[in-house]
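The values are calculated or read from the model by the stated rules, or taken from the named source; none is laboratory data. What you are looking at is a predicted structure, and each value in this text was computed from that prediction instead of being measured. Don't worry about glycine lacking a Cβ; one is built from the backbone with ideal geometry, like all the others, and counts go over all protein chains shown.
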Amino acid sequence: MSASPSSTRSPARATLLQAAMVSGIGLCLALIANFLSPRGLSLGRDYFPAAIPDQAPKPTVVVENPTPKPTHEFATATRAEVEAFTRDPRFITQKYLLIDARNVATYQAGHIPGALQYDHFRPTDNIAQIAPACLAAEKIILYCHGGTCEDSIFAARLLVGYGVPAARIAIYEKGIEDWRAAGLPLQH
């Protein structure tokens, strides 16, 4: 008497069923852990929003020492513009805002004086303070490490999602590394 085809497939079927059960239990445990964690991810949130369509032509900028940089839809700011920005009386009254888009640890290790901190990886941590200030501001410059760092771009896109007009936002593309290289002061 020979074995039927269904009896030869039975061990394979049992193995697949066990694998599916283990995977399902693992997924359920991961979702429960994420839900219970205070730092859990919002599963419905887009943490990497797409670029906003370009609404106005950007001026051509001549760069002395070009560095690879990500493309984005926002205006740009130079170090000289950021320096002038921080000396403007509107900066003191928070009509002009400077936002450091790096994480809390790097922000606390040293940031441009007067800059607020907003980490796009933890968007809800301080958005209650950042969003109203940005909505009331006339102009906002965001920065991160500089070079190929995209944190300031992602943070700017999130702010636009909260209703801040993109026309008010500029990116200091060379970032904190350029500021440090120029020997400018840092706040700790």
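Name the pairs whose Cβ atoms lie under 7 Å apart, with the first residue in region 70-91 and on the phi < 0 side of the Ramachandran plot and β-branched (Val, Ile, Thr), the second surrounded by fewer than 16 Cβ atoms within 10 Å (Cβ to Cβ) and part of a loop (DSSP other than H, G, I, E, B), and 6 or more positions between them or separate chains?
THR76/VAL61; THR86/PRO113; THR86/GLY114
What residue, of ILE127, ILE141, is touching a Phe, Trp or Tyr at 6+ places or on another chain (Cβ under 9 Å), within 14 Å of PHE85 (Cβ to Cβ) and either in the same structural domain as ARG102 (by TED's automatic domain parsing) or β-branched (Val, Ile, Thr) (or both)? Write out each step before concluding.
Working: ILE127 fails: within 14 Å of PHE85 (Cβ to Cβ).
When all the criteria are applied, what remains is ILE141.
Is there a residue in region 108-115 that is under 24 Å from ASP46 (Cα atoms) and buried (at least 17 other Cβ atoms within 10 Å of the Cβ)? Give the derivation first.
First pass over region 108-115, keeping only residues under 24 Å from ASP46 (Cα atoms): none.
Taking every residue of region 108-115 in turn, none turns out to be under 24 Å from ASP46 (Cα atoms) and buried (at least 17 other Cβ atoms within 10 Å of the Cβ).
For region 117-187, which helices (runs of 4 or more DSSP H) that fit wholly inside it have 3 or more residues that are under 16 Å from the mean Cα position of the chain (by Cα)?
On the way: elements: 127-136, 151-161, 175-181.
So the answer is 127-136, 151-161.
Being modelled with pLDDT of 90 or more and either more than 20 Å from GLN108 (Cβ to Cβ) or of a type in the set (Val, Ile, Thr) (or both) is the filter here; which residues of region 120-152 pass it?
ILE130, ALA131, PRO132, CYS134, LEU135, ALA136, ALA137, GLU138, LYS139, ILE140, ILE141, GLU150
Mind listing whichever residues of region 80-107 are buried (at least 16 other Cβ atoms within 10 Å of the Cβ) and either part of a helix (DSSP H, G or I) or outside the structural domain of PRO165 (by TED's automatic domain parsing) (or both)?
VAL82, PHE85, THR86, PHE91, THR106, TYR107
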